[in-house]
Amino acid sequence: MTLQTLPPYRDRALIGGEWISGTATTDVHDPATGAIIAQVPALGAEEADRAIAAAERAQIAWRARPAIERADLLHAWHALVLCHKDALAAILTAEQGKPLAEAAGEIAYAASFVRWFAEEARRIDGEIIPAPRSNQRVLVWKEPVGVVAAITPWNFPAAMVTRKVAPALAAGCAVILKPAPETPLTALALAGLAEEAGIPAGLFNVVTGDAQAIGGAFMKSPVVRKLSFTGSTAVGQMLYAQAAPTLKRLSLELGGNAPFLVFEDADIEAAADGAILGKFRNAGQTCVCVNRFLVHDKVHDAFVEALAARMDRLVVGPGTHPQSTIGPLINQRAVTKVEQHVADAVARGGKLVTGGALDHDLFFTPTLIADVPADAIIAREETFGPVAGIIRFSDEADAIRMANDTEFGLAAYVYTRDIGRAMRVSGALEYGMIGLNEAAISTEVAPFGGIKASGQGREGSRHGIQEYLELKYVMMGGL
Ligand code: SIN
(Lines give C-alpha, C1' and ligand atoms only; values in the text may rest on other atoms or scores of the structure.)
Protein backbone atom coordinates (compact mmCIF):
# COMPACT_ATOMS: atom_id res chain seq x y z
CA MET A 1 0.00 0.00 0.00
CA THR A 2 1.42 3.43 -0.90
CA LEU A 3 1.23 6.38 1.47
CA GLN A 4 -1.06 8.21 -0.94
CA THR A 5 -3.79 5.58 -0.56
CA LEU A 6 -3.92 5.84 3.25
CA PRO A 7 -7.22 7.54 4.18
CA PRO A 8 -5.80 10.39 6.32
CA TYR A 9 -3.05 11.22 3.77
CA ARG A 10 -3.11 14.85 2.57
CA ASP A 11 -0.46 16.77 0.63
CA ARG A 12 -2.11 20.13 0.22
CA ALA A 13 -2.16 23.02 2.68
CA LEU A 14 -5.33 23.97 4.57
CA ILE A 15 -6.46 27.59 4.72
CA GLY A 16 -9.92 28.60 5.88
CA GLY A 17 -11.32 25.14 5.16
CA GLU A 18 -9.87 24.97 1.62
CA TRP A 19 -7.18 22.49 0.67
CA ILE A 20 -4.84 24.47 -1.54
CA SER A 21 -1.88 23.74 -3.81
CA GLY A 22 0.88 26.21 -4.49
CA THR A 23 2.56 27.14 -7.72
CA ALA A 24 5.78 25.76 -6.23
CA THR A 25 6.29 22.68 -4.09
CA THR A 26 8.76 21.37 -1.50
CA ASP A 27 9.94 17.76 -1.54
CA VAL A 28 9.40 15.54 1.47
CA HIS A 29 12.06 12.82 1.88
CA ASP A 30 12.15 9.47 3.61
CA PRO A 31 15.30 9.80 5.75
CA ALA A 32 15.77 6.01 5.64
CA THR A 33 16.20 5.93 1.86
CA GLY A 34 16.56 9.52 0.73
CA ALA A 35 13.63 8.97 -1.66
CA ILE A 36 11.16 11.76 -2.35
CA ILE A 37 7.86 10.53 -0.91
CA ALA A 38 5.66 13.59 -1.43
CA GLN A 39 5.56 17.19 -2.47
CA VAL A 40 3.71 19.85 -0.49
CA PRO A 41 2.91 23.47 -1.39
CA ALA A 42 5.79 25.90 -0.93
CA LEU A 43 3.71 28.79 0.40
CA GLY A 44 4.81 32.11 1.80
CA ALA A 45 3.71 35.31 3.51
CA GLU A 46 0.65 35.89 1.31
CA GLU A 47 -0.89 32.54 2.20
CA ALA A 48 0.10 32.95 5.87
CA ASP A 49 -1.77 36.28 5.90
CA ARG A 50 -4.80 34.60 4.31
CA ALA A 51 -4.72 31.93 6.98
CA ILE A 52 -4.46 34.58 9.72
CA ALA A 53 -7.52 36.35 8.30
CA ALA A 54 -9.44 33.05 8.09
CA ALA A 55 -8.51 32.23 11.68
CA GLU A 56 -9.61 35.67 12.85
CA ARG A 57 -13.04 35.21 11.23
CA ALA A 58 -13.50 31.66 12.48
CA GLN A 59 -12.50 32.48 16.01
CA ILE A 60 -15.41 34.87 16.57
CA ALA A 61 -18.06 32.13 16.51
CA TRP A 62 -15.78 29.51 18.09
CA ARG A 63 -15.04 31.46 21.26
CA ALA A 64 -18.78 31.94 21.77
CA ARG A 65 -19.56 28.21 21.55
CA PRO A 66 -20.33 26.52 24.87
CA ALA A 67 -17.30 24.71 26.25
CA ILE A 68 -19.05 21.36 26.00
CA GLU A 69 -19.48 21.79 22.24
CA ARG A 70 -15.78 22.57 21.80
CA ALA A 71 -15.02 19.56 24.00
CA ASP A 72 -17.28 17.25 21.98
CA LEU A 73 -15.58 18.22 18.72
CA LEU A 74 -12.16 17.60 20.24
CA HIS A 75 -13.36 14.21 21.51
CA ALA A 76 -14.50 13.38 17.97
CA TRP A 77 -11.06 14.38 16.64
CA HIS A 78 -9.39 12.22 19.30
CA ALA A 79 -11.51 9.21 18.25
CA LEU A 80 -10.56 9.66 14.59
CA VAL A 81 -6.86 9.95 15.41
CA LEU A 82 -7.02 6.65 17.29
CA CYS A 83 -9.08 5.05 14.56
CA HIS A 84 -6.37 5.96 12.00
CA LYS A 85 -3.46 5.25 14.35
CA ASP A 86 -1.71 2.75 12.08
CA ALA A 87 -2.02 4.88 8.96
CA LEU A 88 -0.80 7.96 10.83
CA ALA A 89 2.15 5.96 12.20
CA ALA A 90 3.04 4.83 8.67
CA ILE A 91 2.97 8.43 7.41
CA LEU A 92 5.04 9.57 10.39
CA THR A 93 7.69 6.87 9.93
CA ALA A 94 7.90 7.55 6.20
CA GLU A 95 8.78 11.21 6.68
CA GLN A 96 10.58 11.16 10.05
CA GLY A 97 12.24 7.76 10.16
CA LYS A 98 11.46 6.54 13.69
CA PRO A 99 10.56 2.85 14.04
CA LEU A 100 6.90 2.06 13.40
CA ALA A 101 6.24 0.93 16.97
CA GLU A 102 7.66 4.22 18.25
CA ALA A 103 5.61 6.14 15.67
CA ALA A 104 2.45 4.35 16.86
CA GLY A 105 3.45 5.29 20.41
CA GLU A 106 3.79 8.91 19.32
CA ILE A 107 0.32 8.86 17.73
CA ALA A 108 -1.14 7.58 21.01
CA TYR A 109 0.83 10.28 22.86
CA ALA A 110 -0.45 12.90 20.38
CA ALA A 111 -4.03 11.68 20.82
CA SER A 112 -3.68 11.89 24.60
CA PHE A 113 -3.28 15.68 24.34
CA VAL A 114 -6.46 15.98 22.30
CA ARG A 115 -8.39 13.97 24.86
CA TRP A 116 -6.85 15.78 27.82
CA PHE A 117 -7.64 19.23 26.45
CA ALA A 118 -11.14 18.14 25.39
CA GLU A 119 -11.62 17.42 29.10
CA GLU A 120 -9.92 20.66 30.20
CA ALA A 121 -12.16 22.75 27.90
CA ARG A 122 -14.94 22.28 30.44
CA ARG A 123 -12.83 23.37 33.40
CA ILE A 124 -11.94 26.90 32.28
CA ASP A 125 -13.35 28.57 35.32
CA GLY A 126 -12.93 32.03 36.81
CA GLU A 127 -12.80 33.54 40.28
CA ILE A 128 -14.80 35.74 42.60
CA ILE A 129 -12.47 37.71 44.84
CA PRO A 130 -13.68 39.33 48.10
CA ALA A 131 -14.14 42.99 47.16
CA PRO A 132 -12.72 45.98 49.07
CA ARG A 133 -16.25 47.47 49.58
CA SER A 134 -19.50 45.80 50.54
CA ASN A 135 -21.36 47.15 47.49
CA GLN A 136 -18.78 45.73 45.06
CA ARG A 137 -18.06 42.35 43.53
CA VAL A 138 -14.77 41.40 41.87
CA LEU A 139 -15.05 38.85 39.08
CA VAL A 140 -12.21 37.24 37.13
CA TRP A 141 -13.04 35.72 33.76
CA LYS A 142 -10.86 33.72 31.44
CA GLU A 143 -11.03 34.43 27.74
CA PRO A 144 -9.24 32.94 24.73
CA VAL A 145 -6.11 34.87 23.71
CA GLY A 146 -7.35 34.93 20.11
CA VAL A 147 -5.47 33.84 17.01
CA VAL A 148 -2.55 31.54 17.74
CA ALA A 149 0.43 30.72 15.51
CA ALA A 150 2.16 27.40 16.11
CA ILE A 151 5.53 26.30 14.73
CA THR A 152 6.37 22.66 15.25
CA PRO A 153 9.56 20.57 14.88
CA TRP A 154 10.36 17.45 12.87
CA ASN A 155 11.25 15.16 15.78
CA PHE A 156 7.65 14.72 17.00
CA PRO A 157 5.54 15.49 13.92
CA ALA A 158 2.28 14.48 15.61
CA ALA A 159 2.59 15.11 19.35
CA MET A 160 3.99 18.62 19.08
CA VAL A 161 1.06 19.54 16.82
CA THR A 162 -1.65 18.28 19.16
CA ARG A 163 0.13 19.59 22.27
CA LYS A 164 -0.35 23.09 20.82
CA VAL A 165 -3.48 22.88 18.66
CA ALA A 166 -5.69 20.98 21.12
CA PRO A 167 -5.31 23.41 24.07
CA ALA A 168 -5.70 26.38 21.71
CA LEU A 169 -8.96 25.02 20.28
CA ALA A 170 -10.18 23.95 23.71
CA ALA A 171 -9.61 27.49 25.00
CA GLY A 172 -11.63 28.98 22.12
CA CYS A 173 -8.71 30.11 19.94
CA ALA A 174 -8.06 29.54 16.23
CA VAL A 175 -4.68 28.26 15.03
CA ILE A 176 -2.37 28.61 12.06
CA LEU A 177 0.23 25.87 12.11
CA LYS A 178 3.52 25.84 10.26
CA PRO A 179 4.87 22.31 10.49
CA ALA A 180 8.55 21.49 10.01
CA PRO A 181 9.46 21.28 6.30
CA GLU A 182 10.85 17.76 6.87
CA THR A 183 7.57 16.42 8.31
CA PRO A 184 4.48 18.22 7.00
CA LEU A 185 2.47 15.10 6.10
CA THR A 186 1.61 14.03 9.65
CA ALA A 187 0.41 17.56 10.46
CA LEU A 188 -1.72 17.70 7.30
CA ALA A 189 -3.21 14.28 8.08
CA LEU A 190 -4.09 15.43 11.61
CA ALA A 191 -5.72 18.58 10.21
CA GLY A 192 -7.73 16.46 7.76
CA LEU A 193 -9.01 14.35 10.65
CA ALA A 194 -9.91 17.48 12.64
CA GLU A 195 -11.94 18.65 9.64
CA GLU A 196 -13.61 15.24 9.39
CA ALA A 197 -14.43 15.44 13.11
CA GLY A 198 -16.43 18.61 12.41
CA ILE A 199 -14.05 21.25 13.74
CA PRO A 200 -15.24 24.30 11.78
CA ALA A 201 -13.31 25.69 8.81
CA GLY A 202 -10.68 28.30 9.60
CA LEU A 203 -9.95 27.13 13.14
CA PHE A 204 -7.09 24.82 12.24
CA ASN A 205 -5.06 26.07 9.28
CA VAL A 206 -1.84 24.48 8.08
CA VAL A 207 0.55 26.54 5.96
CA THR A 208 3.50 24.61 4.52
CA GLY A 209 6.51 26.27 2.95
CA ASP A 210 9.08 28.93 3.55
CA ALA A 211 9.86 29.17 7.28
CA GLN A 212 11.13 32.73 7.20
CA ALA A 213 8.29 34.12 5.09
CA ILE A 214 5.53 32.33 7.00
CA GLY A 215 7.11 32.89 10.41
CA GLY A 216 7.74 36.53 9.47
CA ALA A 217 4.06 37.01 8.60
CA PHE A 218 3.06 35.46 11.94
CA MET A 219 5.38 37.71 13.89
CA LYS A 220 4.43 40.93 12.08
CA SER A 221 0.70 40.43 12.38
CA PRO A 222 -1.07 42.22 15.24
CA VAL A 223 -3.93 39.72 14.79
CA VAL A 224 -1.70 36.85 15.97
CA ARG A 225 -1.84 37.23 19.74
CA LYS A 226 0.22 34.23 20.70
CA LEU A 227 3.02 32.10 19.34
CA SER A 228 3.80 28.59 20.49
CA PHE A 229 7.13 27.32 19.20
CA THR A 230 9.10 24.13 19.71
CA GLY A 231 12.60 24.11 18.24
CA SER A 232 16.12 25.37 18.76
CA THR A 233 17.12 28.01 21.28
CA ALA A 234 18.65 30.14 18.52
CA VAL A 235 15.36 30.34 16.61
CA GLY A 236 13.42 30.79 19.87
CA GLN A 237 15.56 33.81 20.73
CA MET A 238 14.95 35.30 17.30
CA LEU A 239 11.18 34.80 17.62
CA TYR A 240 11.26 36.32 21.12
CA ALA A 241 12.80 39.49 19.65
CA GLN A 242 10.35 39.51 16.74
CA ALA A 243 7.41 39.23 19.16
CA ALA A 244 8.31 42.49 20.90
CA PRO A 245 6.64 45.02 18.55
CA THR A 246 3.23 43.34 18.86
CA LEU A 247 3.82 42.04 22.41
CA LYS A 248 2.65 38.54 21.62
CA ARG A 249 2.29 35.92 24.32
CA LEU A 250 4.94 33.24 23.88
CA SER A 251 5.36 29.59 24.72
CA LEU A 252 8.88 28.50 23.81
CA GLU A 253 10.01 24.90 24.16
CA LEU A 254 13.68 25.03 23.20
CA GLY A 255 16.91 23.09 23.47
CA GLY A 256 18.13 20.98 26.36
CA ASN A 257 21.30 19.42 27.74
CA ALA A 258 19.77 16.83 30.05
CA PRO A 259 22.02 15.34 32.73
CA PHE A 260 21.37 11.82 34.03
CA LEU A 261 22.84 11.44 37.51
CA VAL A 262 23.63 7.97 38.80
CA PHE A 263 24.59 7.95 42.49
CA GLU A 264 26.56 5.24 44.27
CA ASP A 265 23.38 4.01 46.00
CA ALA A 266 21.36 3.70 42.75
CA ASP A 267 19.80 0.51 41.44
CA ILE A 268 22.24 0.12 38.55
CA GLU A 269 20.05 -2.23 36.51
CA ALA A 270 17.10 0.19 36.76
CA ALA A 271 19.39 3.10 35.89
CA ALA A 272 20.67 1.25 32.80
CA ASP A 273 17.08 0.49 31.71
CA GLY A 274 16.22 4.17 32.21
CA ALA A 275 19.30 5.19 30.27
CA ILE A 276 18.17 3.22 27.21
CA LEU A 277 14.75 4.85 27.31
CA GLY A 278 16.02 8.32 28.12
CA LYS A 279 18.88 8.33 25.63
CA PHE A 280 17.83 6.29 22.60
CA ARG A 281 14.17 7.24 22.09
CA ASN A 282 13.84 8.60 18.57
CA ALA A 283 17.56 7.79 18.00
CA GLY A 284 18.43 10.40 20.60
CA GLN A 285 16.57 13.14 18.77
CA THR A 286 14.35 14.56 21.50
CA CYS A 287 14.88 17.69 23.52
CA VAL A 288 14.50 15.73 26.78
CA CYS A 289 16.93 13.00 25.69
CA VAL A 290 19.80 12.46 28.08
CA ASN A 291 22.77 14.41 26.81
CA ARG A 292 25.32 13.63 29.58
CA PHE A 293 25.55 10.82 32.05
CA LEU A 294 27.10 11.86 35.37
CA VAL A 295 28.02 8.68 37.20
CA HIS A 296 29.60 8.23 40.62
CA ASP A 297 33.14 6.85 40.55
CA LYS A 298 32.15 3.80 42.60
CA VAL A 299 29.51 2.64 40.12
CA HIS A 300 30.97 4.02 36.88
CA ASP A 301 32.26 0.69 35.57
CA ALA A 302 29.19 -1.32 36.63
CA PHE A 303 26.89 1.23 34.96
CA VAL A 304 28.96 1.30 31.76
CA GLU A 305 28.85 -2.50 31.60
CA ALA A 306 25.08 -2.68 32.22
CA LEU A 307 24.40 0.03 29.64
CA ALA A 308 26.71 -1.51 27.02
CA ALA A 309 24.96 -4.87 27.40
CA ARG A 310 21.59 -3.25 26.75
CA MET A 311 22.93 -1.18 23.85
CA ASP A 312 24.11 -4.36 22.14
CA ARG A 313 20.45 -5.32 21.83
CA LEU A 314 19.47 -2.14 19.94
CA VAL A 315 18.84 -2.78 16.26
CA VAL A 316 19.74 -0.12 13.71
CA GLY A 317 17.53 -0.18 10.64
CA PRO A 318 14.69 1.40 8.69
CA GLY A 319 11.66 2.29 10.77
CA THR A 320 9.52 0.06 8.57
CA HIS A 321 11.39 -3.10 9.65
CA PRO A 322 9.62 -4.52 12.70
CA GLN A 323 12.86 -5.39 14.51
CA SER A 324 14.43 -1.89 14.17
CA THR A 325 14.77 0.12 17.35
CA ILE A 326 17.10 2.87 16.06
CA GLY A 327 16.08 4.61 12.87
CA PRO A 328 18.01 7.13 10.75
CA LEU A 329 18.95 10.61 11.84
CA ILE A 330 16.93 13.28 10.13
CA ASN A 331 19.59 14.59 7.73
CA GLN A 332 23.28 14.84 6.94
CA ARG A 333 23.70 17.91 9.15
CA ALA A 334 22.56 15.84 12.13
CA VAL A 335 25.04 13.07 11.25
CA THR A 336 27.91 15.55 10.94
CA LYS A 337 27.15 17.01 14.37
CA VAL A 338 27.05 13.57 16.00
CA GLU A 339 30.35 12.63 14.33
CA GLN A 340 31.97 15.83 15.60
CA HIS A 341 30.78 15.21 19.17
CA VAL A 342 32.12 11.65 19.12
CA ALA A 343 35.47 12.65 17.61
CA ASP A 344 35.89 15.45 20.15
CA ALA A 345 35.07 13.24 23.16
CA VAL A 346 37.53 10.57 22.02
CA ALA A 347 40.22 13.14 21.20
CA ARG A 348 39.91 14.49 24.75
CA GLY A 349 40.53 11.08 26.26
CA GLY A 350 37.07 9.48 26.32
CA LYS A 351 37.13 5.67 25.94
CA LEU A 352 35.01 4.32 23.12
CA VAL A 353 33.16 1.29 24.53
CA THR A 354 30.86 0.57 21.61
CA GLY A 355 29.77 2.14 18.31
CA GLY A 356 31.37 5.40 17.25
CA ALA A 357 30.65 5.37 13.53
CA LEU A 358 28.02 5.60 10.87
CA ASP A 359 26.28 2.29 10.13
CA HIS A 360 25.17 3.44 6.66
CA ASP A 361 23.52 6.49 5.04
CA LEU A 362 21.91 8.50 7.88
CA PHE A 363 22.00 5.58 10.35
CA PHE A 364 24.42 6.11 13.24
CA THR A 365 25.46 3.19 15.44
CA PRO A 366 24.49 3.58 19.12
CA THR A 367 27.67 4.80 20.76
CA LEU A 368 28.95 4.63 24.31
CA ILE A 369 31.97 6.65 25.47
CA ALA A 370 33.23 6.25 29.03
CA ASP A 371 35.44 8.63 31.01
CA VAL A 372 34.40 11.67 29.01
CA PRO A 373 35.95 14.86 30.41
CA ALA A 374 33.44 17.50 31.54
CA ASP A 375 34.75 20.03 29.00
CA ALA A 376 34.01 17.81 25.96
CA ILE A 377 31.54 19.27 23.43
CA ILE A 378 29.16 16.40 24.15
CA ALA A 379 28.89 17.59 27.74
CA ARG A 380 28.08 21.15 26.77
CA GLU A 381 26.01 21.06 23.56
CA GLU A 382 22.90 19.09 22.66
CA THR A 383 24.07 16.13 20.54
CA PHE A 384 20.61 15.05 19.26
CA GLY A 385 21.87 11.61 18.34
CA PRO A 386 22.42 8.10 19.73
CA VAL A 387 25.58 8.82 21.69
CA ALA A 388 25.97 8.27 25.44
CA GLY A 389 28.92 10.02 27.04
CA ILE A 390 29.74 9.09 30.64
CA ILE A 391 31.38 11.62 32.97
CA ARG A 392 32.59 10.66 36.44
CA PHE A 393 31.88 12.48 39.68
CA SER A 394 32.94 11.77 43.24
CA ASP A 395 30.50 13.65 45.47
CA GLU A 396 26.95 14.95 45.45
CA ALA A 397 27.81 18.64 45.44
CA ASP A 398 30.12 18.09 42.48
CA ALA A 399 27.40 16.23 40.58
CA ILE A 400 24.89 19.03 41.18
CA ARG A 401 27.40 21.66 40.14
CA MET A 402 28.20 19.84 36.89
CA ALA A 403 24.51 19.18 36.17
CA ASN A 404 23.65 22.87 36.57
CA ASP A 405 26.71 24.09 34.68
CA THR A 406 24.82 24.78 31.45
CA GLU A 407 22.70 27.52 29.95
CA PHE A 408 19.88 24.97 29.50
CA GLY A 409 17.25 23.86 32.01
CA LEU A 410 14.77 21.48 30.44
CA ALA A 411 14.94 17.93 31.87
CA ALA A 412 17.23 16.14 34.32
CA TYR A 413 17.23 12.55 35.59
CA VAL A 414 18.37 11.28 38.98
CA TYR A 415 18.91 7.68 40.07
CA THR A 416 19.33 7.11 43.80
CA ARG A 417 17.70 4.94 46.49
CA ASP A 418 18.32 7.49 49.23
CA ILE A 419 15.07 9.43 49.75
CA GLY A 420 16.87 12.36 51.40
CA ARG A 421 19.27 12.66 48.50
CA ALA A 422 16.43 12.28 46.01
CA MET A 423 14.63 15.29 47.47
CA ARG A 424 17.81 17.33 48.00
CA VAL A 425 19.13 16.82 44.50
CA SER A 426 15.73 17.33 42.83
CA GLY A 427 15.42 20.62 44.69
CA ALA A 428 18.93 21.75 43.72
CA LEU A 429 18.71 20.96 40.02
CA GLU A 430 17.88 24.02 37.89
CA TYR A 431 15.51 22.28 35.49
CA GLY A 432 11.82 22.43 34.60
CA MET A 433 11.38 18.64 34.76
CA ILE A 434 13.04 15.93 36.86
CA GLY A 435 12.82 12.19 36.34
CA LEU A 436 13.51 10.56 39.71
CA ASN A 437 14.34 6.89 39.15
CA GLU A 438 12.24 7.33 36.00
CA ALA A 439 13.20 8.17 32.44
CA ALA A 440 9.70 8.33 30.90
CA ILE A 441 8.68 11.83 31.94
CA SER A 442 6.56 12.87 28.95
CA THR A 443 2.84 12.63 29.61
CA GLU A 444 -0.19 14.77 28.87
CA VAL A 445 -0.99 15.07 32.60
CA ALA A 446 2.25 16.84 33.61
CA PRO A 447 3.54 20.36 32.82
CA PHE A 448 6.22 19.99 30.13
CA GLY A 449 8.69 22.83 29.75
CA GLY A 450 11.99 24.33 30.78
CA ILE A 451 13.73 27.29 32.32
CA LYS A 452 16.80 29.38 31.35
CA ALA A 453 17.70 28.92 27.65
CA SER A 454 15.28 25.98 27.39
CA GLY A 455 12.35 28.34 27.09
CA GLN A 456 9.25 29.45 28.89
CA GLY A 457 5.66 28.35 29.33
CA ARG A 458 4.30 24.86 29.93
CA GLU A 459 2.54 22.39 27.65
CA GLY A 460 0.19 19.62 28.73
CA SER A 461 -1.40 19.31 32.19
CA ARG A 462 -4.00 21.72 33.56
CA HIS A 463 -1.39 24.48 33.20
CA GLY A 464 -1.11 23.97 29.43
CA ILE A 465 -4.50 25.52 28.63
CA GLN A 466 -3.73 28.65 30.67
CA GLU A 467 -1.15 29.57 28.02
CA TYR A 468 -4.08 30.18 25.64
CA LEU A 469 -6.22 32.19 28.05
CA GLU A 470 -6.24 35.83 29.15
CA LEU A 471 -7.57 37.07 32.45
CA LYS A 472 -10.26 39.74 32.44
CA TYR A 473 -11.23 41.32 35.71
CA VAL A 474 -14.62 42.96 36.19
CA MET A 475 -15.24 45.25 39.13
CA MET A 476 -18.99 45.48 39.78
CA GLY A 477 -19.94 48.54 41.79
CA GLY A 478 -23.10 50.12 43.19
CA LEU A 479 -24.66 46.83 44.28
C1 SIN B 1 10.55 17.28 22.17
O2 SIN B 1 11.57 16.67 21.96
O3 SIN B 1 10.41 18.45 21.78
C4 SIN B 1 9.39 16.70 22.93
C5 SIN B 1 9.67 15.43 23.57
C6 SIN B 1 8.54 14.89 24.39
O7 SIN B 1 7.42 15.39 24.39
O8 SIN B 1 8.81 13.92 25.08
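Please list 3J(HN,Hα) in residue order for the range 471-479, calculated via the Karplus relation 6.51 cos²θ - 1.76 cosθ + 1.60 where θ = phi - 60°; whole Hz, with x for glycine and proline.
Along the range 471-479, the couplings run 8, 10, 10, 10, 9, 9, x, x, 8 Hz.
Would you mind calculating the relative contact order of the chain from Cα pairs under 8 angstrom and at least 6 residues apart, reporting the percent as a whole number? Let's see the in-between values first.
Values: 1143 pairs, mean separation 85.7, N = 479.
Relative contact order of the chain: 18 percent.
By the scheme Lys and Arg +1, Asp and Glu -1, what is the net charge of all other residues having a beta-carbon under 13 Å from that of Asp418?
With Lys, Arg at +1 and Asp, Glu at -1, the neighbours total -1.
Rank by packing, highest mean first: peptides 2-10, 27-35, with packing defined as the count of other Cβ atoms within 10 Å averaged across residues.
My ranking of the peptides, most packed first, is 27-35, 2-10.
Given the chain, what count of lysine pairs have C-alpha atoms under 16 Å apart, with each pair 8 or more places apart or on different chains?
So the count works out to 11.
Not counting ligands, DNA or RNA, and with a 1.4 Å probe, what is Glu106's accessible surface area in Å² rounded to the nearest 10?
Accessible surface of Glu106 is approximately 10 Å².
With equal scatterers on the alpha carbons only and no solvent term, can you work out the Debye log10 of I(q)/I(0) for the chain at 0.10, 0.11 1/Å?
Each listed q corresponds, in turn, to -0.75, -0.89.
With each pseudo-label sitting 7 Å past Cα toward Cβ, what's the Asn135-Ile60 distance in nm, one decimal?
3.8
By how many nm would the segment from Glu119 to Arg401 grow when fully extended, if each residue of separation counts as 0.36 nm and the alpha-carbon distance is taken off?
Between Glu119 and Arg401, full extension yields an extra 97.4 nm.
Can you pull the accessible area of Arg137 for me, 1.4 Å probe, Å² to the nearest 10?
Around 110 Å² of this residue is reachable by solvent.
Rounded to two decimals, what ratio of Rg to Rh does the range 198-323 give with C-alpha atoms and a Kirkwood Rh?
1.15
Less than 15 Å from a label point 7 Å out along the Cα-to-Cβ axis of Asp273: which backbone N atoms in the range 425-459 qualify, by residue?
Taking a point 7 Å out along Cα→Cβ of Asp273, the residues of the range 425-459 whose backbone N falls under 15 Å are 436-441.
List the residues, sorted by chain then number, that are 5 or more residues from Gly16 or on another chain and whose placed amide H is less than 5 Å from its amide H.
Gly202
With a 1.4 Å probe and every protein chain left in place, work out the accessible area per residue of the chain in Å², rounded to a whole number. Write out the running numbers ahead of the final one.
Numbers: 18490 Å² over 479 residues.
With the other protein chains kept in place, the chain gives 39 Å² per residue.
Are there any helices in the chain, counted as whole DSSP H runs, that stretch 20 Å or more along their axis by Cα and score at least 0.5 on average by Kyte-Doolittle, and if so which?
Both cut-offs are met by 67-83.
Give the relative contact order (percent, whole number) for the range 1-48; include only Cα pairs under 8 Å separated by 6+ residues.
Relative contact order here is 31 percent.
Calculated FRET efficiency, Asp371 and Arg12, Cβ-Cβ r, R0 45 Å, to nearest 0.05?
That gives a FRET efficiency of 0.30.
Applying the Karplus parametrisation 6.51 cos²θ - 1.76 cosθ + 1.60 with θ = phi - 60° to the phi angles of the range 283-293, what ³J(HN,Hα) value in whole Hz is obtained for each residue in order, glycine and proline being reported as x?
Once rounded to whole Hz, the list reads 6, x, 9, 10, 6, 9, 4, 4, 10, 9, 9.
Tell me, in nm to one decimal, what length is gained between Arg462 and Met475 on full extension, where the rule is 0.36 nm per residue of separation less the Cα-Cα distance?
2.0 nm
In terms of modelled amide H atoms, which long-range or inter-chain residues lie less than 5 Å from the amide H of Asp359?
Phe364, Thr365
Take every Cα-Cα distance within the range 1-149, group them into 10 Å bins from 0 onward, and report for each bin the whole-number percent of pairs it holds.
Bin by bin from 0 Å, the calculated values are 9, 25, 31, 21, 7, 4, 2, 0.
In percent, how large is the relative contact order of the range 254-352, given Cα pairs closer than 8 Å and 6 or more residues apart?
25
What does the extension gain come out to for Ala108 and Asn437, with contour length at 0.36 nm per residue minus their alpha carbon separation?
Working it through step by step, the gained length comes to 116.1 nm.
Taking the inverse of the average 1/r across all pairs of different Cα atoms in the range 240-281, what Kirkwood radius in Å do you get?
Working: mean 1/r = 0.0725 Å⁻¹.
Taking every pair of different Cα atoms in the range 240-281, averaging 1/r and inverting gives 13.8 Å.
Rg and Dmax of the range 338-479, Cα atoms, in Å?
Every Cα atom of the range 338-479 included, Rg and Dmax give 20.2, 77 Å.
Once ligands and nucleic acids are excluded and a 1.4 Å probe is used, how much of Cys83 is accessible, expressed in Å² to the nearest 10?
Accessible surface of Cys83 is approximately 100 Å².
Using modelled amide H (1.01 Å from N, peptide plane; none on Pro or chain starts), what sits under 5 Å from the amide H of Ala131, excluding residues fewer than 5 places away?
Close amide H contacts, sequence-distant or interchain: Val138.
Can you give the helix-only mean residue ellipticity at 222 nm for the chain, where every DSSP H stretch with n ≥ 4 adds -39500 (n - 2.57) and the sum goes over all residues, rounded to the nearest 500 deg cm²/dmol?
Value at 222 nm, helices only, nearest 500: -12000 deg cm²/dmol.
Leaving out ligands, DNA and RNA, and with a 1.4 Å probe, what % of the accessible surface on the chain is carbon or sulfur? Mind dumping the intermediate values first?
Details: 10050 of 18490 Å².
With neighbouring chains kept in place, the figure for the chain is 54 percent.
The values are calculated or read from the model by the stated rules, or taken from the named source; none is laboratory data. Everything quoted here is computed from the prediction, not taken from an experiment. Quick reminder, even Gly has a Cβ in these numbers, built from the backbone with ideal geometry, and neighbours come from all protein chains shown. For accessibility, only protein heavy atoms count, side chains too; no ligands or nucleic acids. Shrake-Rupley method; radii C 1.70, N 1.55, O 1.52, S 1.80 Å.
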